[in-house]
Amino acid sequence: MNRIYALLAVLLLAVGARAQQRPEVVLETTEGDIRIALFNETPQHRDNFLKLVRMHVYDSLLFHRVIKDFMIQTGDLHSKNAKPGQRLGSGELDYTLEPEFRLPQLFHRRGMVAAAREPDEVNPDMRSGACQFYIVWGRKFNDVSIGRVQERLDTLTKGRVQLTPEMIEVYKTIGGTPHLDGQYTVFGEVTEGLDIIDRIQQTATDKFARPYTDIRILKAYCP
């Protein structure tokens, strides 16, 4: 009987572990594959992203906004059939998501995936757009520059966002975009393909940050 109870306990633990596994999405792009793990701590954004992937919303969309040492952005619905030089960035779905800030656990270190949104002046609640997202590249910081970021965050968030020693160490050794913390929802991370992100973020762009040569998501899928 004790062996049966022990077996049941092991099975329950296994089921629980599977339930906690992070769902994954692969972006098959013209530059190579990018694998993203989604955080269960941000369930609204996780479920919305999975829904859009399964609906093939991201298939054939461009990385329409690329800024070196900052981030690469995609998800503009107008980019699928965009003409060369066409300004992009306004293609969104007709709903938004409540923010799911999870500091200090989830922050804008290099490789994190976060939801784009309308600016504060028209979106004071910092609600995320439904389909546009960006992948962080950023840069590395030193004590002086990270101190300046904290001063900026104090102003932007009225002291709500405080960088922890652990976050600061990551920004100094790995890099990222700390000035966005607590203002945009981080909901995933790149687990494979950071070299692809690096290559994309270095591409030449026009004055609107759109790459001169189209970089496209060929297919997004759940492996």
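With every protein chain in place, what's the accessible area of H78 (1.4 Å probe, Å², nearest 10)?
Rounded to the nearest 10, the figure is 100 Å².
What residues qualify as long-range amide H neighbours of A209, i.e. H under 5 Å apart, gap of 5 or more or another chain, H built at 1.01 Å from N?
Amide H neighbours of A209, under 5 Å, 5+ apart: none.
Looking at the chain, identify the longest residue range that excludes and avoids all trypsin sites (Lys or Arg not before Pro) in DSSP loops having at most 16 other Cβ atoms within 10 Å.
In short, 1-67.
For the chain, which span is the longest to avoid every loop-located (per DSSP) member of chymotrypsin sites (Phe, Trp or Tyr not before Pro) having at most 12 other Cβ atoms inside 10 Å?
96-207
To the nearest 0.05, how large is the calculated FRET efficiency for D120 and N142 if R₀ is 30 Å and r is the Cβ-Cβ distance?
On the way: r = 28 Å, r/R0 = 0.95.
Rounded to the nearest 0.05, the efficiency is 0.60.
Under a Cβ-only charge scheme (Lys and Arg +1, Asp and Glu -1), can you give me the dipole magnitude of the chain about the Cα centre, in debye to the nearest 20?
That gives a dipole near 240 debye.
Would you work out which of V136, L218, A82 lies farthest towards the positive end of the dipole of the chain, given +1 charges on the beta-carbon of Lys and Arg and -1 on that of Asp and Glu, about the Cα centre?
Looking along the dipole axis, the top candidate is L218.
Over the chain, what relative contact order in percent results from Cα pairs under 8 Å that are six or more residues apart? Intermediate values should be presented prior to the final figure.
On the way: 451 pairs, mean separation 74.3, N = 223.
Relative contact order, the chain: 33 percent.
Across the chain, how many lysine pairs, 8 or more positions apart or on different chains, have C-alpha atoms separated by under 21 Å? Please give the number.
Qualifying lysine pairs in the chain: 10.
The values are calculated or read from the model by the stated rules, or taken from the named source; none is laboratory data. All values derive from a computational prediction rather than experimental measurement. Quick reminder, even Gly has a Cβ in these numbers, built from the backbone with ideal geometry, and neighbours come from all protein chains shown. To get the accessible areas, we keep the full protein, side chains included, count just its heavy atoms, and leave off ligands, DNA and RNA. Shrake-Rupley method; radii C 1.70, N 1.55, O 1.52, S 1.80 Å.
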